[in-house]
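The values are calculated or read from the model by the stated rules, or taken from the named source; none is laboratory data. This one's a predicted model, so the numbers in the text were calculated from it and none came from an experiment. FYI the Cβ positions are ideal-geometry reconstructions off the backbone, even for glycines, and counts take in every protein chain you see. Calculation scope for accessible area: heavy atoms of the full protein, side chains included, ligands and nucleic acids excluded. Shrake-Rupley method; radii C 1.70, N 1.55, O 1.52, S 1.80 Å.
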Amino acid sequence: MATIGWIGLGHMGSRMTANLVKDGHTVLGFDLDPAAVDAAAAGGVQPAPSLAEAVREADAVVTMLPKGEHARAVYLGENGVLANAAPSTLLVDSSTIDIDSARTLHDTARERGFRFVDAPVSGGISGAAAGTLTFMLGGESDAVEAAATLIEPMSGNIIRTGAATSGQAAKICNNMMLLINLAGCAEGAVLAQRLGLDPQVFWNVAAVSSADSWALRTWYPVPGIVETSAANNGFDATFTADLANKDIGLALAAAESTETVLPAAQLVQAQLQELVDSGRGGKDCSLIISHIDPAIG
Ligand code: NAD
């Protein structure tokens, strides 16, 4: 059994670590937010008093942080992971971050003698809790194989995507498609209701028809239909509009650097940006439905 230093115990990290603990691993956790630490401790994580103490004796370090700037600070900062962990420690970043940041982390870790894997995930907080996340692993093959063993208790699917940063590339494209699907669910839900359809009956149709999607089955933005939907809880976040806006922004940045035009992604990004600008960035991204029905949210 391994000792794992875990940095970032938010919506995802608190649930993912509980599955490592259940599997018998020791998880030393650190987060800047004491409430996040308490939630993870309830799942068996041992709180570390500092980042340095979480990683110093660890066999592996996993990070689950909001954005590239947080991941760069946590790995490369003066009191960060590279300054405090032993170079034999396997480093796994499961945050969704921009490709340039992921490249910098891979390169700097290698220069300092570490093995580093970009390992973003898909499956939401329900997949994190159930231990059924899809992991996308990018990096050198020996590091990727070590990471695949480590993450097994948290995963339903482990896909080796290729060289360094390829995990992030896959994740960015996946989430762009997801968020466009979610916007489609929001438009369909409101139109169905205005055509007089019972919301549950329409959902029953869509779920076994050609409109079926993960967003429909997990995130449908109408209360009382799907158990895991944030609409049941006043759109309290399972995945914030702020982070969704970051993700679709990563897709648009990648589109620019590859001279690709993505009109649907641009439209969804503008709607998420409006949620952020109106002070609703901390709410669930499925509140995107308020663009179609302003009476919601
Ligand atoms: P979150 O904001 O709930 O959690 C991130 C945690 O990181 C917070 O608790 C925050 O306090 C902590 N943190 C930030 N800077 C830190 C630092 N310097 N040191 C220690 N802790 C620090 O976010 P989340 O929803 O758990 O998502 C985490 C990552 O996973 C993001 O990149 C997100 O895009 C991705 N993701 C989220 C979901 C989802 O459904 N929530 C699904 C797949 C992927």
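So here's what we get for this one:
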quantity: Proximal lysines relative to Lys171, as straight alpha-carbon distance under 19 Å, when same-chain residues fewer than 8 apart are discounted; calculated: Lys67, Lys246
quantity: Expected 222 nm ellipticity per residue - DSSP helices of 4 or more, -39500 (n - 2.57), all of the chain, to 500; calculated: -14500 deg cm²/dmol
quantity: Accessible area of region 252-297 belonging to carbon and sulfur atoms, whole % at 1.4 Å probe; calculated: 56
quantity: Degrees between helix 241-257 axis and first principal axis of the chain (Cα, 0 to 90, nearest 10); calculated: 80
quantity: Top of Asn84, Asn204, Asn19 by mean-square fluctuation, Gaussian network on the chain, Cα under 10 Å; calculated: Asn204
quantity: Magnitude of the charge dipole, region 3-163, Cβ model with Lys/Arg +1 and Asp/Glu -1, debye to 20; calculated: 180
quantity: Peptide ranges 124-132, 63-71 listed from the most packed, as the mean C-beta count within 10 angstrom indicates; calculated: 63-71, 124-132
quantity: Farthest positive-ward along the chain dipole, Cα basis, beta-carbon charges - from Gly281, Cys185, Ala36; calculated: Cys185
quantity: Net dipole in debye of the chain [+1 Lys, Arg Cβ; -1 Asp, Glu Cβ; about Cα centre; nearest 20]; calculated: 260
quantity: Inter-site label distance for Ala41 and Val208 at 7 Å from Cα along Cβ, in nm; calculated: 4.9
quantity: Signed unit charges on C-beta, dipole axis of the chain, positive-most listed residue Ser50, Tyr220, Ala207; calculated: Ala207
quantity: ³J(HN,Hα), Karplus 6.51/-1.76/1.60, whole Hz, each residue of region 259-272, x for Gly, Pro; calculated: 6, 10, 9, 10, x, 5, 4, 4, 5, 5, 4, 5, 5, 5
quantity: Region 37-106 and region 214-286: distance between their alpha carbon centers, rounded to Å; calculated: 26
quantity: Degrees separating the helix 13-22 axis from the principal Cα axis of the chain, which is the longest one; calculated: 60
quantity: Surface accessible to a 1.4 Å probe, per residue, for the residues of the chain, Å²; calculated: 43
quantity: Rounded to 10°, Cα long-axis angle of helix 99-111 versus longest principal axis of the chain; calculated: 10
quantity: Sulfur and carbon atoms: percent of accessible area, region 3-163 [1.4 Å]; calculated: 50
